[in-house]
Structures are given as C-alpha cells and as structure tokens.
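Written below as structure tokens is the structure these notes are about.
The values are calculated or read from the model by the stated rules, or taken from the named source; none is laboratory data. The structure presented is a predicted model; accordingly, all values stated were derived computationally and were not measured. Counting neighbours? That spans all protein chains shown, and the Cβs are built from the backbone with ideal geometry, glycine included. Just so you know, the surface numbers come from the protein's heavy atoms only, side chains and all, with ligands and any DNA or RNA stripped out. Shrake-Rupley method; radii C 1.70, N 1.55, O 1.52, S 1.80 Å.
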Amino acid sequence: MSKLAGRRTSPVSSGFGSTRVAVLGGGLAGLSAARSLIEMGFQVFLIEKRPFLGGRAFSFYSHETDSEVDNGQHVFMGCCTYYIDFVRALGAYCDATLQDSLHAEVVLDGKRGTLSSMPFLGPLHFMPSFLKYPHLGISDKIRAAYGLVRAGLTDRRKNSPTLDSETFYNWLKRHQQPERAIENFWNLVILPTLNDDVRSVSADMALKVIKEGLLKRPGDAAIGYARVGLSSLAGLPGQRFIEERGGSVLLRTTVRSLLFDSDRVCGVQLSDGSSLRADAYVSALPHDILLDCLPTKRAADPFFASVAELQSAPIVGVHLWYDRHVMEEPFVAFINSPIQWVFNRSLIQGNSESLGQHVCISLSGAWQFIDRPKEELRELFEQEMERLFPSARGAAIEKSLIIKQPNATFRSVPGVSRLRPAQETPIPNLFLAGDWTDTDWPSTMEGAVRSGVYAANAIADRVAG
Ligand SMILES: Cc1cc2nc3c(=O)[nH]c(=O)nc-3n(C[C@H](O)[C@H](O)[C@H](O)COP(=O)(O)OP(=O)(O)OC[C@H]3O[C@@H](n4cnc5c(N)ncnc54)[C@H](O)[C@@H]3O)c2cc1C
C-alpha cells in the first residue's frame with residue numbers, strides 16, 4: 001500500500017484531462033476519490049443512489065423533533081490527517097473544531113478524572129494526567145504504563161499475522177494487564193474508536209489505534225467534531241467542489257451492475273435503464289453492494305469474495321432535548337454506566353445561549369441496545385442522565401430521538417486484515433475505495449478518505465504508466 005499512500009496532485013496539464021473516471025457511491029470514500037481525481041485533472045462523474053452525498057456521515061431534518069440531527073455523533077482525532085486535509089480542501093474546516101491537545105473528562109461512580117496531553121512533554125505528553133488518573137490504582141497504572149511501552153515497541157508490520165489472529169484482550173492479558181486497567185483505561189479508548197469491545201477486536205487494529213492516537217505526536221490524541229450538521233461538513237461542500245470544477249454528480253441514481261468487455265469494465269448499468277461509460281471506475285460502494293454489482297464469476301474471485309466475510313457493528317444515538325442546561329462540558333465519558341460518551345450538542349453547535357440543551361448519548365458496539373424498543377431506551381437513558389448529572393433531575397425532556405444504525409462500521413475482529421482488498425484490483429480499469437478496503441485504518445472517516453486518495457493515486461499510476 002505504501003506506494004499509493006502519499007497524496008499526489010498533478011496539474012490538469014498532466015494529460016489526465018481526457019480520461020473519464022466514474023466514481024460509484026458518494027460517501028466520504030467516493031467524495032475523497034473524486035476530489036483527488038479532480039485535482040489531478042481527471043474528468044469525474046460521481047453516481048450516488050441517495051438524494052444527497054456523505055454516505056454514513058450525514059445529517060438530516062427530523063420532522064419528529066423539528067431539528068437538524070446527525071445520523072450519529074462523529075468524532076475525529078488529530079491523527080486523522082487525511083480527513084482533516086480533505087475537509088480543508090472542501091473549504092469546510094472552519095465548521096469543525098479540534099482541541100489543541102487531548103482533554104477528556106472521565107467519570108466513574110461520581111468521581112471525575114481527566115485524560116489530557118501536555119504537548120511540551122513530547123512522547124510523554126500523556127503521562128502526567130495518566131499518573132493523576134483516579135480510576136486506576138498505583139499497581140494498575142504501573143501495569144498500564146508498561147502496556148503502553150510494550151504497545152509502542154511492538155512492530156505491527158513484522159508481527160502483523162500474529163497480532164491479527166489474536167484479540168486485544170488476549171494481548172493485554174499476555175502483557176500483564178489487570179481487569180481494572182482493561183475496563184477503566186484500554187476499553188475506554190478502544191470501544192469508541194473501533195466500535196467494539198477489547199474482548200472482540202484484533203490486537204493489530206487496537207495497537208494501530210493506540211499507536212496513532214496516543215504514542216506519536218501530542219496533538220494526535222486531540223478530539224475534533226463538526227460544529228454544523230455532518231452534511232454541511234462534507235456532503236454539500238463535496239458536491240459543490242466537484243461541480244464547480246467541471247465534474248458531474250448524479251444523485252438518486254443507483255448502480256445496478258458493472259458491465260464487462262472481456263477483462264475490462266466497459267460501463268455501469270443504472271437504475272433508470274441507461275448505462276454510463278468511462279475509462280476507469282472507482283467503486284466506493286458498500287462491499288456487499290459491490291459483490292451484487294459484479295458478474296457472478298468475478299464476484300467469486302477470491303480478491304473480491306473475501307469481503308463477504310466482513311461483519312458489521314451497530315451504533316445507537318440517543319438525543320435528548322432538555323428544557324434547561326444539564327451539563328457544562330462539550331462531552332464526558334463514563335465508565336460503569338450504559339452511557340459511554342455524552343456530547344453537549346448545544347455547546348458544540350454554538351447554541352449554548354439558548355435556555356434548553358440538546359445532548360447526544362453515543363453508544364458504540366451497541367448490540368445490547370439495537371433491538372430494544374425506543375421508548376425503553378429513552379426511559380433507561382433519561383434515568384441514567386438523572387443519576388449522573390444532578391442538573392438533569394427535575395429537568396423536563398421536551399423532545400427525544402433515538403437513531404439506530406445496525407451496520408455503522410465493519411468489525412475489526414481477528415482475521416479482518418486478510419478480508420480487506422487493496423484499492424487496485426485484478427481488473428485493469430476497476431479500483432476500489434471504501435473504509436472497508438485495505439487502508440490499515442479501522443472503519444472510520446479517516447479510513448474512508450484515505451481509501452479514496454489511494455484509489456485516485458492507483459488510477460494516476462496506471463494511466464501514467
Ligand atoms: C452512527 C455512526 C457513527 C460513526 N461515528 C464515527 C466516528 O465518530 N468517527 C469516525 O471516524 N467514523 C465514524 N463512523 C464511520 C464513518 O461514518 C464511516 O467509516 C465512513 O463514513 C464510511 O464512508 P464510505 O464512503 O467508506 O462508505 P459509505 O458512507 O457507506 O458510502 C457508500 C455510498 O454508496 C452509496 N450507494 C450504496 N449503494 C449504491 C448503489 N447501488 N449505487 C450508487 N450508490 C450507492 C451509499 O448511499 C453511500 O453514499 C460512524 C458511522 C456511523 C453510521
């Protein structure tokens with residue numbers, strides 16, 4: 001993958017201008033591919049089945065609550081450099097916030113702790129707050145610090161097959177981590193970032209997150225989010241970016257199948273019966289849809305077929321609109337509570353002056369909640385908010401909305417690496433993008449954006465070479 005990794009931008013005069021590329025799917029991966037291809041000078045057509053772009057990261061107007069809401073709270077970190085660069089290129093970074101350095105309040109049984117960075121300490125930026133962190137005893141801290149050092153020293157490339165075949169829980173146990181450190185520290189980082197529990201995720205993916213987020217540059221662990229609806233951060237500016245530079249966006253257009261002429265793709269069959277022809281194709285479709293769009297014989301090629309084994313993980317968002325302010329912080333994490341992270345949407349969106357407050361509880365790896373009735377979830381989280389936030393006691397909930405996303409991300413379970421195909425496929429003019437392709441990142445916006453850049457680079461290499 002390294003040969004595709006750097007972002008290249010060739011001017012229009014590179015000769016790519018006569019090459020037409022069809023990008024199938026307008027999630028972040030498709031948008032990122034389109035952006036890079038346009039910057040390189042290719043002619044781009046983006047085809048998206050929904051009436052808007054953004055894929056799994058979008059906002060919508062809820063008639064039920066008369067407000068604009070995200071399909072799920074999306075967070076990025078300072079280490080998400082491709083995502084940040086992408087949002088900047090779309091001209092929307094002014095609508096995002098990124099902390100200067102990590103600062104997260106973590107509450108356990110009413111006791112508050114803080115995990116934060118001190119940038120001037122370089123690689124040890126995390127240590128002072130870690131030493132003061134009240135949710136671990138002294139011996140837990142020594143063991144957790146040892147675990148961090150071992151994580152830092154582990155060469156993922158060299159040990160990839162072994163690390164990809166064991167769970168992170170197993171790795172933590174092999175490195176003398178006590179249950180308290182696993183629950184109150186390691187899982188606090190892994191559950192929201194990998195959307196799954198330390199007991200299920202592969203050691204390889206978890207170490208990726210720990211290394212990228214905590215052990216490199218101090219600013220990498222900083223937390224960021226959109227201050228506007230998600231669609232205003234990528235979907236709408238992405239569409240504008242493409243159209244203003246001469247590209248075409250076809251919304252409400254479903255790709256039914258890829259058409260082949262001997263060993264090359266010669267077109268895409270669309271839902272209205274028409275077909276579209278290009279010189280090269282980037283599929284940024286969900287992996288199961290791509291398999292449906294390929295002829296049976298191609299879909300059975302082990303290069304593509306392995307993606308059928310990818311599993312997915314759910315996220316549930318519980319939105320509550322209170323008649324008063326119930327929290328001060330932009331977000332708080334909880335241990336030993338069904339509430340994992342709660343975000344102060346009013347503060348984040350710059351509405352902190354209003355009398356009421358909108359909060360969003362984000363539940364990762366939400367198997368235990370996904371099938372429960374919404375009314376039951378509302379009651380459970382209303383009570384839990386009252387238990388955890390004194391100001392919520394006696395406050396009235398004026399509106400609520402529960403958003404369930406059963407297939408929010410793919411699961412980073414052991415063995416996942418060998419299921420993720422490269423962006424370059426055995427078919428000479430077909431390229432793949434999508435967070436599920438091989439980016440070495442988990443199922444995230446950063447992974448999606450990287451996949452699009454890698455796909456565009458692969459096309460440029462093929463066309464130029
Ligand atoms: C609730 C939730 C919370 C999340 N939180 C975070 C977070 O905090 N941080 C983070 O980094 N990531 C988060 N993610 C993950 C992140 O949203 C995804 O990794 C990323 O958006 C995936 O982008 P993609 O382009 O790879 O895929 P998708 O967004 O799935 O894009 C695929 C696109 O293809 C389109 N399509 C499908 N079929 C067809 C067809 N036949 N023809 C044409 N178009 C088609 C779809 O409509 C879609 O637009 C979250 C996801 C969810 C759902």
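The one condition from (1) within 11 Å of the ligand (Cβ to nearest atom); (2) open to solvent by less than 10 Å² (accessible area, probe 1.4 Å); (3) assigned to a strand (DSSP E or B) that Val449 does not meet is (3). Pairs are defined by a Cβ separation below 7 Å, a sequence spacing of at least 6 or placement on different chains, a first member in the range 184-207 that is open to solvent by less than 10 Å² (accessible area, probe 1.4 Å), and a second member that is assigned to a helix (DSSP H, G or I) and within 13 Å of the ligand (Cβ to nearest atom); the pairs so defined are Ile190/Val209; Leu194/Val209; Val201/Leu194; Met205/Leu194; Ala206/Leu194. Being out of contact with any strand residue (DSSP E or B) (no Cβ under 8 Å at 6 or more places or on another chain) and within 24 Å of Arg418 (Cβ to Cβ): is that true of Trp186 here? Here the answer is no, as Trp186 does not meet what is asked.
Scanning the range 309-339 for residues being touching a Leu at 6+ places or on another chain (Cβ under 6 Å), open to solvent by 10 Å² or more (accessible area, probe 1.4 Å) and not charged (D, E, K, R) gives a total of 4.
Considered as a group, the residues in the range 150-183 that are closer than 28 Å to Phe331 by Cβ and polar (S, T, N, Q) include one that is surrounded by the fewest Cβ atoms within 10 Å (Cβ to Cβ), and that residue is Thr167. Write out, first by first residue and then by second, each pair whose Cβ atoms fall under 7 Å of each other, whose residues are 6+ apart or on separate chains, and whose first residue, in the range 394-406, is in contact (Cβ under 8 Å) with a residue 40 or more places away in the chain while the second is open to solvent by 40 Å² or more (accessible area, probe 1.4 Å) and more than 16 Å from the ligand (Cβ to nearest atom). Pairs found: Ala395/Asp323; Ala395/Arg324; Ala396/Asp323; Ile397/Glu382; Glu398/Asp323; Ser400/Arg378; Leu401/Glu64; Ile402/Arg378. Pairs meeting the criteria (first residue in the range 231-256 and closer than 25 Å to Gly273 by Cβ, second residue open to solvent by 50 Å² or more (accessible area, probe 1.4 Å) and away from the ligand (no atom under 15 Å from the Cβ), beta carbons under 7 Å, at least 6 apart or on different chains) are Val249/Glu243.
May I ask you to verify whether Pro178 is away from the ligand (no atom under 13 Å from the Cβ), out of contact with any strand residue (DSSP E or B) (no Cβ under 7 Å at 6 or more places or on another chain), farther than 30 Å from Asp100 by Cβ and not polar (S, T, N, Q)? For Pro178, the condition - away from the ligand (no atom under 13 Å from the Cβ), out of contact with any strand residue (DSSP E or B) (no Cβ under 7 Å at 6 or more places or on another chain), farther than 30 Å from Asp100 by Cβ and not polar (S, T, N, Q) - is met.
Residues of the range 96-131 that are within 16 Å of the ligand (Cβ to nearest atom) and open to solvent by 50 Å² or more (accessible area, probe 1.4 Å): Leu98 alone. What do you reckon, is Ser129 part of a helix (DSSP H, G or I) and of a type in the set (S, T, N, Q)? Against the criterion (part of a helix (DSSP H, G or I) and of a type in the set (S, T, N, Q)), Ser129 qualifies. Pick from the range 356-407 the residues that are within 26 Å of the chain's Cα centre (by Cα) and among the β-branched types (Val, Ile, Thr): which of them is farthest from Gly72 (Cα to Cα)? In this case the residue turns out to be Ile370.
Can you confirm whether the range 258-276 contains a residue that is modelled with pLDDT of 95 or more, in contact with a strand residue (DSSP E or B) (Cβ under 8 Å, 6 or more places away or on another chain) and under 30 Å from Ser412 (Cα atoms)? Among the residues of the range 258-276, at least one is modelled with pLDDT of 95 or more, in contact with a strand residue (DSSP E or B) (Cβ under 8 Å, 6 or more places away or on another chain) and under 30 Å from Ser412 (Cα atoms), which makes the answer yes. Checked against the criterion of being in contact with a helix residue (DSSP H, G or I) (Cβ under 9 Å, 6 or more places away or on another chain) and free of Cβ contacts under 8 Å to residues at least 60 places away in the same chain, the candidates Arg35, Arg56, Arg143, Arg112 yield just one match: Arg143.
Could you say whether any residue in the range 17-24 is hydrophobic (A, V, I, L, M, F, W, C), in a helix (DSSP H, G or I) and in contact (Cβ under 8 Å) with a residue 24 or more places away in the chain? No, every residue in the range 17-24 fails to be hydrophobic (A, V, I, L, M, F, W, C), in a helix (DSSP H, G or I) and in contact (Cβ under 8 Å) with a residue 24 or more places away in the chain.
For first residues located in the range 441-458 and farther than 13 Å from Asn195 by Cβ, partners that are among the β-branched types (Val, Ile, Thr) and open to solvent by 10 Å² or more (accessible area, probe 1.4 Å) and lie 6+ apart or on another chain with Cβ distances below 8 Å form the pairs Glu446/Thr81.
Scan the range 44-53 and tell me whether some residue there is more than 16 Å from the ligand (Cβ to nearest atom), open to solvent by less than 10 Å² (accessible area, probe 1.4 Å) and outside the structural domain of Pro134 (by TED's automatic domain parsing). Taking every residue of the range 44-53 in turn, none turns out to be more than 16 Å from the ligand (Cβ to nearest atom), open to solvent by less than 10 Å² (accessible area, probe 1.4 Å) and outside the structural domain of Pro134 (by TED's automatic domain parsing).
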